[in-house]
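Report on the following structure.
Please treat every number below as a calculation from the coordinates, not as lab data. In this text, all values refer to a predicted model and were calculated from it rather than measured experimentally. Backbone-built Cβ (ideal geometry, glycine too); neighbour counts: all protein chains shown.
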């Protein structure tokens, strides 16, 4: 008799298999390989709908807290589809005895972001579980958005460029440093990508945020969606020196580390310098990291000084476990 | 320093205060006293958006499981606003070690309802928490719907009739019987109110489902929304004999017991017999239970053989605790 294992919640292959095994009525919604589902609402617009639950430990970490993740994660999923976020739902599940001031701090974080970016928290729910039946707090945010054109990657052709908006893995390293009491200046990269997306929306064909499962998960989904191989130059993949130090020290995989405020996008070669320039105005580590190849194996290939290797979809328990 | 208490998750006054204390950007969404938020999307239609997390213990109970609640709860919240459900999101948070076959059974339940009522599960998420950090499983469902006219209760006038679609409290008693190993034939009343709502949609002005906090919570919200007193005849409030027996035996309040497949609606006196007849075709305990009074105290009054008393909004820890 099987039991649910931690690896089934890590954002890798097992979770996709678990989800795809569900035989639900889907109607006219589509969401292959994307975090949001899309529905044509018959007036020239598409409704975009997404959900995510946040179980981060620790709840407070350098540069942010679970409230940042719950707001940014869902907003960014809507933005990646090219949608304007219309509103979020906010559902708290709280352990009895959780301190009021912590809940207030989390809520203030969400309120501040909601007001700053004018993205409404439209509806909510609160449940309290008996002490010992939940560790601290879980937050679910779902989101709805509208767009006249979905960023669905269908227009991608060989020769298109792959761009990352900033250094990878800062969120994961911030969490790790807090958990292991390791001294570092790295703080979470979590942020709503509203301004970044607004600045490049008309220039790109497809975008994803490398959250759970990191760059490896995002790019493999993109390769499957486009049908082409994606070829990266390892030397161009951006990461802060302090992040690289922690990665080397712990022997973990930079490409599987979660970022919560970065995007990977694909655009024509012609637009690529313009996209790069605009993204650099937000983060000077933005970088063109690779090219869409004319090979339809749907693989992600990394070119290094020693040759080529495949960057696989993360499987099993992703290290470090951060959600 | 305050701590979160169980009463703050019981669907009563404390939860409303907790939610209303959040200072979020709301944009053009409205949702006063209703479980769903409403947004005019400028093409003659309104988007309806709702969220709910389900933490029921036991996960399996007479007549259903947490999957029934997660599907029906959110679908019914959309239906009560007069909306056609467009799709649900489904987010599982699962304890490591939870048995596969239980997860399959819950998922099959949701799949069966989704296919039967042609309501899509559009998008989803799965998280797994380490053993001991969560008790079994939590499910969040959010839902989106569309309607050309919202059932917002604005047209309610004194003399309108209040109708309940069937016996109260069967869901709560089914849960209690399982928890205390008490022998009863009562099973949960949980069901999507799709057919009921379709049959009376054009005849009614306002509707609510008496879930968490029961009839008392639903009617007090309705009184606040309409601005009028709602006056009920106790003798007309329907409950199965077995439910009444358990209520008397345990000394609990029938009006605060959750039903998951009932609705309370308000319609003109002229339409009331037609609404009653149609609801009776689904449940022969459907009953006209009261009248909208020409008094603007926003209170719920119950007339009994001994006189009148107020039915207050539930406060504190609702007995029995079922979510």
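At a 10 Å Cβ-Cβ cut-off, how would you order B:60, A:25, A:49, fewest neighbours first?
So the ranking, lowest neighbour count to highest, is B:60, A:25, A:49.
In peptide B:40-49, how many Cβ atoms from other protein chains are near each Cβ within 10 Å, on average?
If you average over the peptide's residues, the count of other-chain Cβ atoms is 4.
Copy-to-copy spacing for residue B:309, label 7 Å out on the Cα-to-C-beta vector, in nm, shortest first?
Residue B:309 label point versus its equivalents elsewhere: 7.4 nm.
Assume the label is 7 Å from Cα along Cα to beta carbon: what separations in nm does residue A:42 have to the matching positions in the other copies?
So the label point of residue A:42 gives 2.1 nm to the other copies.
Answer rounded, prolate or oblate for the range A:31-147, using the Cα gyration tensor with square roots of eigenvalues a ≥ b ≥ c: rounded when a/c is under 1.5, else prolate when a/b is larger than b/c, else oblate.
prolate
Which whole number gives the average count of other chain Cβ atoms within 10 Å of the Cβ atoms across peptide B:81-88?
That works out to 3 on average.
Please order A:183, B:256, B:242 by the number of other Cβ within 10 Å, starting at the fewest.
By the 10 Å Cβ count, ascending, the order reads A:183, B:242, B:256.
Using Cβ contacts closer than 10 Å as the measure, can you line up A:42, A:5 from fewest to most?
So the residues, fewest neighbours to most, are A:42, A:5.
From other protein chains only, count the Cβ atoms within 10 Å of every residue's Cβ in B:113-121, then give the mean.
So the per-residue partner count for this stretch is 4.
What are the distances, in nm and sorted shortest first, from the label point of residue B:294 to the label points of the same position in each other copy, with each label point placed 7 Å from Cα along the Cα-to-Cβ direction?
When each copy's label point is compared with this one, the spacings are 8.4 nm.
If contacts are Cα pairs under 8 angstrom and at least 6 residues apart, what is the relative contact order of the range A:179-323 in percent?
38
If you average the sequence gap of Cα pairs under 8 Å that are 6 or more apart and divide by the length of the range A:31-147, what percent do you get for the contact order?
40
Tell me, what is the percent relative contact order of chain B, built from C-alpha pairs under 8 Å that lie six or more residues apart?
24
Only helical DSSP H runs with n ≥ 4 go in: add -39500 (n - 2.57) per run for the protein assembly as shown, normalise by residue count and round the 222 nm mean residue ellipticity to 500 deg cm²/dmol.
Mean residue ellipticity, 222 nm, calculated: -9000 deg cm²/dmol.
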